[in-house]
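Taking it in order: structure first as structure tokens, then the write-up.
The values are calculated or read from the model by the stated rules, or taken from the named source; none is laboratory data. Please read these numbers as outputs of a predicted model, since none were measured by experiment. Using ideal geometry, Cβ is built from the backbone for each residue, glycine included, and neighbour counts are taken over all protein chains shown. These accessible areas exclude ligands, DNA and RNA; they are computed on the full protein's heavy atoms, side chains included. Shrake-Rupley method; radii C 1.70, N 1.55, O 1.52, S 1.80 Å.
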Amino acid sequence: YDKGIYQLNKDLADTGWIYPELTSQFVDYSEEWKPAYRLKNGYVEVKGAVKPKTSIAGSQDETIIFTLPEGFRPARHHIPVLCQGSTRDIWLFQLRTDGAATFSRYRETDAYKTATNSSWLPFQVVFSPD
């Protein structure tokens, strides 16, 4: 068999959308925003939106939203993404090399604030898992 052709076919494969199991602190923001990930053309895309089940204090502490399985994780370093939330709120979505997708640093200005059960926390990131 030709290893090069196999690798090319593997890289062009599409897993289709896979829906992660959320931790007990989060729920889908809505059915249209249901978090999902896929491997397509050698890249992983992670997207969706969540909201806390109950209030979560904004801080530097990370709260895990879900965990990506092996093969869908960043290999070399964490990927931080600053995301726009409800109204003027911003927050840090981070994908760690252990697969954890995390929420932290929720704020409107320089001061952290509490994310409530109606907070819109959208995210999207595309990366190479190599």
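Structure above, values below:
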| read-out | value |
| --- | --- |
| Sole exception among (1) closer than 19 Å to GLN124 by Cβ; (2) touching a residue at least 12 places away in the same chain (Cβ under 8 Å); (3) not in a strand (DSSP E or B) for ALA75, by number | (1) |
| Count of segment 40-72 residues which are modelled with pLDDT of 95 or more, open to solvent by less than 80 Å² (accessible area, probe 1.4 Å) and of a type outside the set (D, E, K, R) | 16 |
| Filtered residues of segment 84-118 (kept if open to solvent by less than 10 Å² (accessible area, probe 1.4 Å) and either free of Cβ contacts under 8 Å to residues at least 24 places away in the same chain or within 20 Å of PRO20 (Cα to Cα) (or both)) | PHE93, LEU95, GLY99, ALA100, ALA101, THR102, PHE103, SER104 |
